[in-house]
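Data block below; observations after.
Bear in mind these aren't lab numbers, they're just calculated from the coordinates by the rules spelled out. Bear in mind that the values here come from a model prediction, so they are computed numbers and not experimental data. As a convention, Cβ positions derive from the backbone with ideal geometry for all residues, glycine included, and neighbour counts pool all protein chains shown.
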Amino acid sequence: MATGDTRLRLLDAAERLFAEQGFGATSLRAVTSEAGVNIAAVNYHFGSKEALIGAVFARRLEPLNGERRELLERAIDAAPAGCPSVEAVLESLIRPAVDRLGARGGQPSLISGLLGRAHNEQDEQIRALVFEQFESTTRLYCEVLARILPHLDEAELFTRFHFVIGAMASALMDPGRVGEISGGVVDATDMDGIATRLVAFLAAGLNAPAAKLDREAVRARAAK
C-alpha cells in the first residue's frame, strides 16, 4: 500500500469514528483496525492522536477557509473603495460553509458532526485545534467588518461576529430543527433557502446600532 494511501485511509477512518463515537471514546487501535493498517502507521504519519485529530479537521477546514478568503477578496475588489456590503461579506462566509459543511437531506454532514462533537465534549485541547483552524480567517473578517461598520467598537464587533458564527453553526449542524418547530412549514432540506435567510438575518444584526450597556444595572444584578 502506498504511503499516501495509508495516510488517507487513516484520515477517512478517524473522521468516521470520531463523528460516530466521539474523540475520547475512539482509540487509535480502533482507527487503525478500521483503516486496515497497523498501529505504527499512526505514529509514522501523525505522531500522536492529537495530531491525527488536527489533521482530520485541517483536511476539511483549510479548503473551506481558503474558499472563504478568495470570495471575500473578490467582494472587496468589486466594491467601491474596497468596502463591500455586509451582505456580500456574509455571503462569502456562509455559502462555502453551506456547500462544504451543510446538511444534505436534513441530516448533518460528517464534518459538521465532528465540529459538534468538538463543542459538546468540552475537551480544551480539541477545542483549541478547531479554533486554530478558524483564527486567521476570523481576524480577516473582523478587520473587513470593522472598516464597513465604524459605529461598532472592537468589543461590540467581536461579540456580534461570535453571534454570527453561533447562528451559522446552528443552521448548518441542526437544520432539521427549524422544520420541526415550524411544523413542516420550513423545508429543512432547502439549504440554499436557509442560507439566504441567514444572510439577511445576520446582516440586520451586524448593521444594527451599537448596544447601550448599562454597567450599573449589570453590577446591581451581579450583587444580588
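Would you give the gap between the C-alpha center of the range 160-198 and the C-alpha center of the range 66-137, rounded to a whole Å? Value for the Cα centre distance between the two parts: 15 Å. Per-residue Karplus couplings for the range 206-211, computed as 6.51 cos²θ - 1.76 cosθ + 1.60 with θ equal to phi - 60°, are listed in order as 5, 7, 5, x, 4, 5 Hz, Gly and Pro entered as x.
Across the range 21-38, rounded Karplus estimates of 3J(HN,Hα) from the backbone phi angles (6.51 cos²θ - 1.76 cosθ + 1.60, θ = phi - 60°) give 10, x, 6, x, 7, 9, 8, 5, 5, 5, 5, 5, 5, 5, 7, x, 10, 8 Hz, Gly and Pro being marked x.
What 222 nm value per residue comes from the helices of the chain, counting each DSSP H run with n ≥ 4 as -39,500 (n - 2.57) and dividing by all residues, nearest 500 deg cm²/dmol? Present the calculation step by step, with values, prior to reporting the outcome.
On the way: 11 runs with 167 residues, N = 224.
The helix contribution divided over the chain gives -24500 deg cm²/dmol.
Its Cα centre serving as origin, the range 1-47 has a Cβ charge dipole (Lys and Arg +1, Asp and Glu -1) of approximately 120 debye. Percent of C-alpha pairs per 10 Å bin in the range 1-47, short distances first: 30, 59, 11. If you run the Gaussian network model on the chain, springs between alpha carbon atoms under 10 Å, then out of Ile111, Ile53, Ile39 the most flexible one is Ile39. Largest GNM mean-square fluctuation across Ala40, Ala200, Ala118, computed for the chain with C-alpha springs under 10 Å, falls on Ala40.
For the options Ala55, Ala203, Ala79, a Gaussian network treatment of the chain with springs between C-alpha atoms closer than 10 Å singles out Ala79 as fluctuating the most. Rounded to the nearest whole Hz, the Karplus-based 3J(HN,Hα) values (6.51 cos²θ - 1.76 cosθ + 1.60, θ = phi - 60°) of the range 190-195 follow the sequence 8, 5, 5, x, 4, 5, with x at glycine and proline.
Give the Rg/Rh ratio for the chain, taking Rg as the radius of gyration of the Cα atoms and Rh as the Kirkwood radius, to two decimals. Present the calculation step by step, with values, prior to reporting the outcome.
On the way: Rg = 20.3 Å, Rh = 19.6 Å.
We get a ratio of 1.03 for the chain.
About the centre of its Cα atoms, the chain shows a dipole size close to 380 debye [charges on the beta carbon of Lys, Arg (+1) and Asp, Glu (-1) only; nearest 20 debye].
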